[in-house]
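The values are calculated or read from the model by the stated rules, or taken from the named source; none is laboratory data. It should be emphasised that the depicted structure is a prediction, and the values quoted were computed from it without experimental measurement. Neighbour counts are summed over all protein chains in view; Cβ atoms, including those assigned to glycine, are modelled from backbone coordinates with ideal geometry. Just so you know, the surface numbers come from the protein's heavy atoms only, side chains and all, with ligands and any DNA or RNA stripped out. Shrake-Rupley method; radii C 1.70, N 1.55, O 1.52, S 1.80 Å.
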Amino acid sequence: MTGPYVIGCDVGSQGTNSVLYDADGSLVASAYRGYDVSFPRPAWAEQDPRLWTDAVEATVAELTATVPAGSVRGLSFGSQLDGMVACDAAGDPVRPAMIWMDRRAEAQAAEVASRVPPEEFYGWVGANLDSSHAAFKAMWIRDEEPDAFARATRLVSPGSFVLARAAGVWAVDYSNASSLALLDPRTRTWSDEALAAVGLDRGMLPELVPATQPVGAVSPRFADATGLPPDTLLVAGCGDEMAATLGAGVFEPGEVCDVVGTAEPVCAASSEPRFDPTMLVECHPHADPEAWLLENPGFVSGGNLRWWRDGFGAEELAAERAGGRDAYDLLCEAAARVPPGADGIVFLPCMQGAMAPEWNGAARGVFSGLSLSHGREHMTRALLEGSAFALRDILEAMRAAGLDVRRLTIVGGGAKGPLWRQIKADVTGLPVRVPESVETTASGAAVLAAVGAGVHGSIDEAVRAFVRFRPEEHVPDPATREAYDEAYRRYRDVYFALRPVFTGN
């Protein structure tokens, strides 16, 4: 093996997964390092940003040791979105990073909403006026920790922090920048209106660059720590959802990536920026500089199924521990014997709030329609169908924004279940395909490294080399359409009937 090779790093909130690919898109090696999230108070979620860079250095060093010296051409990142890292003039964090799960900035978002209609804010930046976005976290530091904010000279995303530590350059690609809720996705420039509304200084933000742009060679310190040659190119990289979507081969208009993990983000590629009048989906630049994403950041999905397995699947878990089949497979095998529509049971997948059919943090999970004739298998099927109905909500919003959605590509741990894949095909009316590798964030970052380092000439060329699909494709079964249309109507009726109960008014 002589190369050239590229490395992609998935810098997530639970750990960093790095992969080494050769030029023809074959996976050569991978390495992982986990780390912890701190929850010091309710609604707070923090990490020391140096955990990310330590994990990147360790995993990249493990990969470079497997190939000849000097054979790695480029490196890039797919990094967790919606985080805020405030750094001083030396580039060191002034406090722990506030990551995507952190919701402490509700007061800051509410204060902006008291002055700016949420619809107007969405029109500026294509993102909702919501405390999950990083601009409001920066406001919280300014308001609640003024001494720390006074030491800060830069306000950056996790991806920008990792890039600066690796290359000594302060830059941010358009997708990571968009998660600050300060970027106009149409012009891919900082929004003067949004900056004025949140009261943050443009000079504290990094330089905007395309995700495929090389920002320079690795720094001497990073080269020493990783074993990379000093001329290895660092490519800007993108947000993790964009990288996962790219690594799933989703970059052409109308293709939809359904990322089924603990949460279920849904992203669709578009050839132009599109705005959803309902604001259910946001508009962000894609990793491909020629494309955009319509994106819903995700409702709890796989997390619901795990909760169900752990709390109500004792029999299946015992069988798995005894050396039998996977507990999820056993639960779904029973659910497959239940007809579409779960014999009238509806499940609302709102265990941590709703992101469909609307954004509502007060909503909670519900089983509706239970009778003495129902068993666990009916409830399991209703749980699987509830996520498919939320997915259909999001797809309808994408259509309302003018996008012709044509196919689903499902990735993540939830892509492994054939029953769930078929339910989604039947509920949405779209064909469903699955890549050979369903953990696609690191491979999407490797695609960017390959393009930025000149190993491949374009995103299209690199994706065709790196992404391969399983031969089987799930197609919608017309015989289920009437049952699922009726079940979807019930799901929406139940949600909107309970909305006053959730919100207390």
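Select from the range 73-90 the residues that are open to solvent by 10 Å² or more (accessible area, probe 1.4 Å), touching a residue at least 24 places away in the same chain (Cβ under 8 Å) and more than 23 Å from the chain's Cα centre (by Cα) and list them in ascending order.
Arg73, Asp88, Ala89
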Hey, Arg392 of a type in the set (D, E, K, R), in contact with a Leu (Cβ under 8 Å, 6 or more places away or on another chain), open to solvent by less than 50 Å² (accessible area, probe 1.4 Å) and assigned to a helix (DSSP H, G or I) or not: no
Failed item, numbered, when Ala150 is tested on (1) farther than 19 Å from Ala401 by Cα; (2) in contact with a strand residue (DSSP E or B) (Cβ under 9 Å, 6 or more places away or on another chain); (3) at pLDDT 95 or above: (2)
Can you report the number of residues in the range 292-312 which are farther than 18 Å from Ala181 by Cβ, among the hydrophobic types (A, V, I, L, M, F, W, C), surrounded by 22 or more Cβ atoms within 10 Å (Cβ to Cβ) and modelled with pLDDT of 90 or more? 1
Is it the case that Phe347 is aromatic (Phe, Trp, Tyr) and in contact with a Phe, Trp or Tyr (Cβ under 8 Å, 6 or more places away or on another chain)? yes
For a quick check of your reading: which helices (runs of 4 or more DSSP H) sit entirely within the range 414-482 and have at least 3 residues that are in contact with a Gly (Cβ under 8 Å, 6 or more places away or on another chain) and of a type outside the set (A, V, I, L, M, F, W, C)? 441-452
Of the residues in the range 255-302, those that are of a type in the set (Ser, Thr, Tyr), outside any strand (DSSP E or B) and more than 21 Å from Gln80 (Cα to Cα) number 2
Of the residues that make up the range 433-440, is at least one without any contact (Cβ under 8 Å) to a residue 60 or more places away in the chain, charged (D, E, K, R) and under 30 Å from Val218 (Cα atoms)? no
Checking the condition modelled with pLDDT of 95 or more, aliphatic (A, V, I, L, M), open to solvent by 30 Å² or more (accessible area, probe 1.4 Å) and over 18 Å from Ala487 (Cα atoms), which residue from Ala327, Ala322, Ala336 passes? Ala322
How many of the residues making up the range 173-193 are touching a helix residue (DSSP H, G or I) at 6+ places or on another chain (Cβ under 7 Å), in contact (Cβ under 8 Å) with a residue 24 or more places away in the chain and open to solvent by 10 Å² or more (accessible area, probe 1.4 Å)? 3
Just one of Met379, Met398 is touching a strand residue (DSSP E or B) at 6+ places or on another chain (Cβ under 9 Å), farther than 14 Å from Gly261 by Cα, assigned to a helix (DSSP H, G or I) and open to solvent by 10 Å² or more (accessible area, probe 1.4 Å); which is it? Met379
Is there any pair linking a residue in the range 16-43 that is without any contact (Cβ under 8 Å) to a residue 12 or more places away in the chain and surrounded by 12 or more Cβ atoms within 10 Å (Cβ to Cβ) to one that is among the acidic types (Asp, Glu) and assigned to a loop (DSSP other than H, G, I, E, B), with Cβ under 8 Å and at least six apart or on different chains, and which? none
Restricting the search to the range 175-187, which residues are within 22 Å of Glu120 (Cβ to Cβ) and in contact with a Cys (Cβ under 8 Å, 6 or more places away or on another chain)? Pro185
Of the residues Ala462, Ala450, which single one is within 11 Å of Gly249 (Cα to Cα) and at pLDDT 95 or above? Ala462
Can you find, within the range 428-467, the residue that is farthest from the chain's Cα centre (by Cα) among those that are open to solvent by 70 Å² or more (accessible area, probe 1.4 Å) and over 21 Å from Ala291 (Cβ atoms)? Glu436
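Here is a yes/no grid of residues against (1) within 12 Å of the chain's Cα centre (by Cα); (2) of a type outside the set (S, T, N, Q); (3) open to solvent by less than 10 Å² (accessible area, probe 1.4 Å); (4) closer than 21 Å to Lys424 by Cβ:
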residue: Gly239; (1), (2), (3), (4): yes, yes, yes, no
residue: Glu252; (1), (2), (3), (4): no, yes, no, yes
residue: Ser271; (1), (2), (3), (4): no, no, no, no
residue: Met279; (1), (2), (3), (4): no, yes, no, no
residue: Glu282; (1), (2), (3), (4): no, yes, yes, no
residue: Pro285; (1), (2), (3), (4): no, yes, yes, no
residue: Pro289; (1), (2), (3), (4): no, yes, no, no
Search result, residues across the range 241-250 that are open to solvent by less than 10 Å² (accessible area, probe 1.4 Å) and not in a loop (DSSP other than H, G, I, E, B): Met242, Ala243, Ala244, Thr245, Leu246, Gly247
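Return the residues of the range 339-351 that are over 28 Å from the mean Cα position of the chain (by Cα), under 24 Å from Arg364 (Cβ atoms) and open to solvent by less than 60 Å² (accessible area, probe 1.4 Å); say none if nothing qualifies.
Within the range 339-351, Gly341, Ala342, Gly344, Ile345 meet the criteria.
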Being open to solvent by 20 Å² or more (accessible area, probe 1.4 Å) and part of a helix (DSSP H, G or I) is the filter here, so list the residues in the range 134-172 that pass it. Trp140, Arg142, Asp143, Glu144, Pro146, Asp147, Phe149, Ala150, Arg151, Arg165
